[in-house]
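Working notes, beginning with the structure itself.
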Amino acid sequence: MGVKRKIQETEVHFILGKERTGSTLLSALLNNSPEVLSVIEETFIVYLFNKYGTTKFWDDKTILNFYHDFLLLNKQKIGYYYHFPEDTREKLLGIVDRNFTYEQMCKYMHLLFAKIDWEITTIIDKQVELMFFVGDLLNIFPKSKFVVLLRDPRDNVEACVRRGLGRELGLVYQSELWNLYYKNVVDYLDDPRFLFVTYEDLINSPESVLRKVTTHFNLPYSNDILGEIVIDENIFGKDLKGEQSFNDFHQGMNGGINKNKVGAYRDKFSKKEILKINDITGGVANHFGYEIPYSKETVNWRERVEVIRALIKKKWLLNLYYVLPISLKLYIKKRAKK
């Protein structure tokens, strides 16, 4: 089978959700299948789309520009992807048939991460920010299917605060973030391309959930999928510091399936704090089957400012960043590093 045919026949599916622990655990379990490549979280697919989305022929200049932009915009260290960036660049330039769609080029970038493993039939992509670009993902990958991982917002907020996920760890701010993420997928509840599963079900009935997910993604189910989660050392090469950083970031899945994490918010938050989370998230959470009472009477005006700040930072500024030219994105990223 040639590379072009391999790319055409490989499917790309997505796991969406603000729930990092659950989505990481689910993708890691799926990665136990020899047919699956669960890639490290990145957003290059959507952020490079405006510049390269209509490209039909990839000459040397376009390929080099694409790869240059990819290297500079990626969120993780490039060593988490490819040990030898020069080798990856040469493989891109070595493409004989240059009539590639943008969708196919994105697939190829992921398959290079796996060194074109011919057993792989399915790429599983996940990144929390992708929830804000569902429409673009459907446009770029029209054959893709989606699994949306949900979790009781009170446990999600507890996990974010405890693990320090995010620059702002206020309870009200994190609660509104949960709202903002999941509002983007409410309209897809009845869409057959979307499967909604809960962290609670994944923890309590992992085999049942994995059977549903593999069926949804057109993958064969095997009991091996429920095996031990192994982070491939080949991802990191000799960068032990990078490996430690990656493991710290994904500490939520250490130990695999842990039922003690369900309902952990009860021991973390006071009754008043729980009521605040209920009042902020209840309206959205009820769409997904979480029966959370809410009245919006416990959040004061100062805390309402946190709600507005979350809306500005995570929705308005993210949308603005999305439409900016690549050059401005790179400038902002360089300034942020300083």
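The values are calculated or read from the model by the stated rules, or taken from the named source; none is laboratory data. Nothing here was measured: the structure is a model prediction, and the numbers come from that model. FYI the Cβ positions are ideal-geometry reconstructions off the backbone, even for glycines, and counts take in every protein chain you see. Heads up: the accessible areas ignore ligands, DNA and RNA and are worked out on the full protein's heavy atoms, side chains in. Shrake-Rupley method; radii C 1.70, N 1.55, O 1.52, S 1.80 Å.
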Given R₀ = 35 Å, FRET efficiency for Val3-Tyr188 by Cβ-Cβ distance, to 0.05? 0.60
Suppose R0 equals 41 Å. What FRET efficiency, 1/(1 + (r/R0)^6) with r the Cβ-Cβ distance, do Thr101 and Asn260 give to the nearest 0.05? 0.35
One point scatterer per Cα, no solvent, Debye formula: log10 I(q)/I(0) for the stretch 143-221 at q = 0.13, 0.17, 0.20 Å⁻¹ comes out as -0.50, -0.78, -0.95
Quick one: accessible area per residue over the stretch 105-209, 1.4 Å probe, rounded to a whole number of Å²? 34
Contour minus Cα-Cα span, Asp224 to Glu291, at 0.36 nm per residue, comes to 20.7 nm
Assuming 0.36 nm per residue, please report the length gained on full extension of the stretch Leu169 to Leu112 beyond their Cα-Cα distance. 16.9 nm
How about Lys334: which lysines have a C-alpha closer than 21 Å to its C-alpha, ignoring those fewer than 8 places off in the same chain? Lys51, Lys75, Lys77, Lys313, Lys314
Express the carbon and sulfur contribution to the solvent-accessible surface of the stretch 95-165 as a percent, rounded to the nearest whole number, probe 1.4 angstrom. 48
